[in-house]
Amino acid sequence: MTSTKESRMKRPTSTYRLQFRNGMTFDDAIDLVPHLVSLGISHLYASPIFTAVGGSTHGYDVTDANEIDPAIGGQAGFERLAEALREANLGLILDIVPNHMAASVENGWWRDVLENGRQSAFSSYFDIDWREKLTLPLLGKPLPEVLADNELVLVTDGNDGLELAYYETRLPLDRKTVRRVLSETAGGNLSCFSGDKQKMQALLAEQHWQLTHWKDAAKHLSYRRFFEVTGLVGIRIEDDAVFEHTHRLILRLVRTGRVQGLRVDHVDGLAAPQSYLDRLRHAIGPDIYLIVEKILGPGEQLRPSWPVEGTTGYEFNTALATLYIDQDGLDHLEAGYGKLAPPDSMLATGLRDAKRLIAGRNFAGEGARLAALVKTAHPHLQEADILSALQELLVAFPVYRTYGDEGRLDAEDETVLAGVLAEAEAEAMLPSRTALDAIAGLLRNPDEEHLEFRRRFQQLTGPVMAKAVEDTFFYRYNRLLALNEVGGEIIRPETGVAAFHRLMADRARHQPHGLSATSTHDTKRGEDARARLYTLCEGSEVWNEAVERWRGMNMRHLASVSGRNVPEAAVEWMLYQALAGAWSDDTTQENLASRFLAYTEKASREAKLGTDWAAPDEDYEKAVLSYAEALVSPQNADFTEDFQLTMQPFLEAGYSNSLSQTLIKLTAPGIPDVYQGTEGLDLSMVDPDNRRPVDYARFSSNARGSKTLSGAAANMKQAVLTAILQYRKDHPALFNEGDYQPLDVTGPCKDHLVAFARRKGEEYLVAIAPRLMFGKLQAHALVAVPGFWSDTTVKLPADAGRPLRDLLGGSEIAGTQITVETLLTERPVACLVMADS
């Protein structure tokens with residue numbers, strides 16, 4: 001996928017994702033430039049750098065899109081970084097956020113809307129339903145109780161004005177009411193006014209906004225939010241003025257040469273992604289590298305009409321899983337898990353139940369607004385039938401969204417919608433089918449009056465999918481946590497080398513210049529934790545027996561809550577897998593206990609079974625956390641020693657997978673993205689664990705070696721990254737334009753190897769990586785037992801040309817038949833390049 005036919009774009013050969021904030025400033029990034037150069041990185045890929053809410057840990061809660069955040073160094077710091085990157089010949093890719101901003105008084109536009117309501121110059125900047133007052137779901141309990149407890153008070157704002165204070169929150173008041181109150185109180189005695197409930201009620205009634213309980217936001221909210229985060233308000237980027245105002249600084253940084261690429265956050269949240277991307281491409285020109293955060297469903301391809309280079313790479317991560325999943329072992333894990341898990345958490349019903357919960361509860365307000373729009377178009381329909389039909393449609397959607405703008409849906413979207421309607425009709429009650437037909441008409445070809453319904457429906461299917469699948473079902477269905485990943489295929493995962501080759505051939509055709517990611521700030525597992533957990537399939541019998549044994553050893557740590565043992569058996573299974581992914585042979589374990597407990601709390605709440613973010617069950621959470629704490633307690637030595645001993649072959653096979661997937665990411669179609677710190681081993685759990693500050697000093701010490709297997713694996717991973725990334729910088733055309741060619745493997749161990757070539761003209765590269773190596777490795781080593789690769793060969797095309805050399809080892813290989821044993825005796829992977837290159 002290319003931007004324009006005549007682009008002079010200098011595409012990255014690799015990117016390094018850096019999370020600003022959390023202790024990372026521009027000056028800290030400058031200190032890392034020599035490290036990035038030594039790795040062979042071509043572009044720094046920065047998280048949002050624009051001014052965000054004070055104390056923000058991520059930067060997606062932007063308060064001023066036209067200011068570089070002083071908290072990380074401001075404009076001056078950014079200029080220093082840009083100059084340091086220029087001197088090092090490194091490019092810069094910025095993460096931009098066109099879908100939402102912070103719903104915070106720190107956001108000057110939002111504050112102005114609170115003060116002036118619909119008369120604000122910025123009222124049309126935000127996606128607000130102005131048929132009622134702006135709802136602010138800030139209260140910890142219903143408003144009458146808040147007033148009764150005198151929790152709302154008037155305070156001065158420091159500028160001869162007044163604000164309403166609710167604990168630390170300060171809200172601006174309509175200026176007319178401020179003048180009236182100041183006159184009435186003669187500028188003083190605000191506490192008496194605040195204590196008068198009738199006066200306070202009258203004051204609130206005069207504002208452009210209304211305070212509500214935070215729990216009511218799911219049912220009633222007058223503005224579009226980002227997913228279900230009420231602190232992030234949707235902006236109307238489709239409006240010309242909003243686009244111009246929010247992109248002023250971005251475009252200046254691009255046009256002055258400080259920025260060479262942009263990453264568009266959450267493109268599916270926009271009203272019209274195609275129109276936005278067309279406009280953005282026109283504004284930045286053809287030479288700027290442009291990618292989008294977009295989760296592709298199974299078989300879904302990025303829209304060819306989008307003027308972008310590709311996605312941020314979740315689909316590549318999903319494709320990797322095909323190599324490391326043993327299907328028979330996965331079935332065996334399924335059987336073991338099925339003995340412990342309740343039926344409603346299994347695949348047959350669990351996914352639909354999760355979608356129904358999220359659509360009907362968490363997004364009830366959005367559903368009601370859609371129903372009202374349908375009712376306007378079809379007054380004869382009953383509201384209950386409309387809501388039922390909408391829910392069936394939301395539950396049936398297999399992808400994040402369709403992309404209809406004006407007029408009829410295109411053929412691809414029509415195919416998606418037809419499948420959704422067929423499934424919804426099979427599930428819907430008879431009265432709802434009439435409503436389904438009506439809704440289908442509005443989605444297929446609405447007239448101008450009813451375009452809003454299609455736009456809002458398309459903006460809702462993605463959040464429902466994300467929250468139901470990734471943030472609910474993936475915490476309920478715990479057969480194999482490695483598959484429970486952003487964009488992952490959990491229901492019918494493809495497996496095998498042939499499937500991987502087909503996916504890579506598709507990638508080479510459709511987005512050869514998209515990012516290839518294995519870890520991001522949003523992934524559920526660090527790349528090396530995931531690589532290890534794949535091996536549970538191979539050792540499924542060992543794992544199933546071990547879980548049964550460990551449950552018996554830790555039975556004394558169960559608690560009785562409401563007449564049942566907690567944690568439930570299926571949750572125990574999940575906890576042992578989560579611990580397996582994060583376990584290290586490093587005795588320090590990197591504060592494992594505190595990290596594991598934080599993960600346990602989040603996983604329990606995301607599952608929304610025994611407890612929930614909306615209504616935490618303290619007794620349940622206490623019981624689960626107590627059990628988890630026991631698993632990592634020094635006082636539980638019998639278990640931890642057994643766990644360490646049992647995990648050893650899984651750790652070894654996992655490190656083999658880590659190096660294998662690293663090699664593949666660096667050489668397969670796409671541009672490898674290295675997430676901060678993953679040049680070493682990444683055994684992190686879900687955020688915020690995967691956003692911890694990185695100890696960069698450890699990478700400089702890797703070369704000194706380590707007595708632990710994890711240290712050796714980390715050292716080798718960094719060495720593989722460095723060698724191949726440097727080679728990519730020196731041979732960009734081979735990777736940007738080269739063909740992808742699967743290579744035949746023959747011999748008794750052919751199923752344990754994947755091999756492919758990248759080729760452009762006379763230039764050639766061959767990648768050879770192991771798979772399914774559980775039980776096949778030398779003890780405490782990263783290579784196969786002696787003789788394992790005997791008689792296994794990789795066949796090169798007859799016209800392969802000159803001899804090859806191993807970029808990772810230096811040995812030369814001649815001929816068109818590669819004997820694997822000669823390559824993988826001392827190291828687990830091989831990357832062959834032209835001998836004289």
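The values are calculated or read from the model by the stated rules, or taken from the named source; none is laboratory data. What you are looking at is a predicted structure, and each value in this text was computed from that prediction instead of being measured. Counting neighbours? That spans all protein chains shown, and the Cβs are built from the backbone with ideal geometry, glycine included. SASA here: full protein model, heavy atoms, side chains in, ligands and nucleic acids out. Shrake-Rupley method; radii C 1.70, N 1.55, O 1.52, S 1.80 Å.
Scanning the stretch 658-682 for residues that are farther than 13 Å from Asp528 by Cα, more than 19 Å from the chain's Cα centre (by Cα) and among the small types (Gly, Ala, Ser) yields a count of 1. Just so you know, in the stretch 66-89 the residues that are in contact with a strand residue (DSSP E or B) (Cβ under 6 Å, 6 or more places away or on another chain) and not in a helix (DSSP H, G or I) include one that is most open to solvent (accessible area, probe 1.4 Å), and it is Glu67.
Candidates in the stretch 34-52 are the residues that are in a loop (DSSP other than H, G, I, E, B) and over 14 Å from Gly74 (Cα atoms); of these, the one that is farthest from the chain's Cα centre (by Cα) is Gly40.
Residue-wise test of (1) within 24 Å of Asp239 (Cα to Cα); (2) surrounded by fewer than 23 Cβ atoms within 10 Å (Cβ to Cβ); (3) out of contact with any helix residue (DSSP H, G or I) (no Cβ under 7 Å at 6 or more places or on another chain); (4) charged (D, E, K, R).
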site	(1), (2), (3), (4)
Val254	yes, yes, no, no
Arg258	no, yes, no, yes
Asp278	yes, yes, yes, yes
Arg281	yes, yes, yes, yes
Asp287	no, yes, yes, yes
Lys294	yes, no, no, yes
Glu300	no, yes, yes, yes
Thr311	no, no, yes, no
Tyr324	no, no, no, no
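Is it the case that the stretch 499-507 has a residue that's free of Cβ contacts under 8 Å to residues at least 12 places away in the same chain, within 30 Å of Val745 (Cα to Cα) and surrounded by fewer than 22 Cβ atoms within 10 Å (Cβ to Cβ)? Yes, the stretch 499-507 contains a residue that is free of Cβ contacts under 8 Å to residues at least 12 places away in the same chain, within 30 Å of Val745 (Cα to Cα) and surrounded by fewer than 22 Cβ atoms within 10 Å (Cβ to Cβ). Taking the criterion of being among the charged types (D, E, K, R) and either within 30 Å of Gln648 (Cα to Cα) or open to solvent by less than 20 Å² (accessible area, probe 1.4 Å) (or both), the residues of the stretch 780-837 that qualify are Asp791, Asp806, Glu821, Glu826, Arg827.
For the stretch 177-186, the criterion of a residue being open to solvent by 50 Å² or more (accessible area, probe 1.4 Å) and under 39 Å from the mean Cα position of the chain (by Cα) is satisfied by no position. The numbered conditions (1) within 23 Å of the chain's Cα centre (by Cα); (2) over 29 Å from Ala713 (Cβ atoms) are all true for Arg564 except (1). Of a type in the set (Phe, Trp, Tyr) and under 30 Å from Phe20 (Cβ atoms): is that true of Tyr475 in this structure? Yes; evaluated as a whole, the condition is true for this residue.
Annotation: of all residues in the stretch 644-663 being within 22 Å of Phe699 (Cβ to Cβ) and out of contact with any helix residue (DSSP H, G or I) (no Cβ under 7 Å at 6 or more places or on another chain), the one that is surrounded by the most Cβ atoms within 10 Å (Cβ to Cβ) is Ser656.
Filtering the stretch 45-57 to residues that are crowded, with 18+ Cβ neighbours inside 10 Å and in contact with a helix residue (DSSP H, G or I) (Cβ under 9 Å, 6 or more places away or on another chain) leaves Ala46, Ile49, Phe50, Thr51, Ala52, Ser56.
So that you can scan it fast, the table gives a plain yes or no per residue for (1) within 16 Å of Thr640 (Cβ to Cβ); (2) in contact with an Asp or Glu (Cβ under 8 Å, 6 or more places away or on another chain); (3) surrounded by 17 or more Cβ atoms within 10 Å (Cβ to Cβ):
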site	(1), (2), (3)
Glu545	no, no, no
Arg549	yes, yes, no
Met553	yes, yes, no
His557	yes, no, yes
Gly563	no, no, no
Pro567	no, no, yes
Trp573	no, no, yes
Tyr599	no, yes, yes
Ala603	no, no, yes
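Taking the criterion of being closer than 16 Å to Ala719 by Cβ, modelled with pLDDT of 95 or more and either among the hydrophobic types (A, V, I, L, M, F, W, C) or under 35 Å from the mean Cα position of the chain (by Cα) (or both), would at least one residue in the stretch 754-767 satisfy it? Yes: one or more hits. Hey, does the stretch 411-418 have a residue that's touching a Gly at 6+ places or on another chain (Cβ under 7 Å), crowded, with 23+ Cβ neighbours inside 10 Å and part of a helix (DSSP H, G or I)? Checked the stretch 411-418: no residue is touching a Gly at 6+ places or on another chain (Cβ under 7 Å), crowded, with 23+ Cβ neighbours inside 10 Å and part of a helix (DSSP H, G or I).
Suppose the filter is open to solvent by 30 Å² or more (accessible area, probe 1.4 Å), closer than 18 Å to Asn99 by Cβ and either in contact with a Cys (Cβ under 7 Å, 6 or more places away or on another chain) or not aliphatic (A, V, I, L, M) (or both); does Glu228 pass it? Taking the combined requirement at face value, the residue satisfies it. The criterion of at least 1 residues that are under 30 Å from Ala531 (Cβ atoms) and of a type in the set (Ser, Thr, Tyr) is met, among strands (runs of 3 or more DSSP E) falling completely within the stretch 227-326, by 289-292.
Per the listing Leu436, Leu460, the residue uniquely open to solvent by less than 20 Å² (accessible area, probe 1.4 Å), more than 22 Å from Thr312 (Cα to Cα), touching a residue at least 12 places away in the same chain (Cβ under 8 Å) and in a helix (DSSP H, G or I) is Leu436.
Report yes if Leu162 is open to solvent by less than 40 Å² (accessible area, probe 1.4 Å), in contact (Cβ under 8 Å) with a residue 12 or more places away in the chain and of a type in the set (A, V, I, L, M, F, W, C), otherwise no. Yes; evaluated as a whole, the condition is true for this residue.
The sole residue among Thr135, Thr169 that is in contact with a Ser or Thr (Cβ under 8 Å, 6 or more places away or on another chain), surrounded by 13 or more Cβ atoms within 10 Å (Cβ to Cβ), closer than 25 Å to Tyr223 by Cα and of a type in the set (S, T, N, Q) is Thr135. Checked against the criterion of being crowded, with 23+ Cβ neighbours inside 10 Å, modelled with pLDDT of 95 or more and in contact with a Cys (Cβ under 9 Å, 6 or more places away or on another chain), the stretch 479-492 has at least one qualifying residue.
Of His521, His513, all but one fail to be touching a helix residue (DSSP H, G or I) at 6+ places or on another chain (Cβ under 7 Å), closer than 21 Å to Lys760 by Cβ and either part of a loop (DSSP other than H, G, I, E, B) or of a type in the set (Val, Ile, Thr) (or both); the exception is His513.
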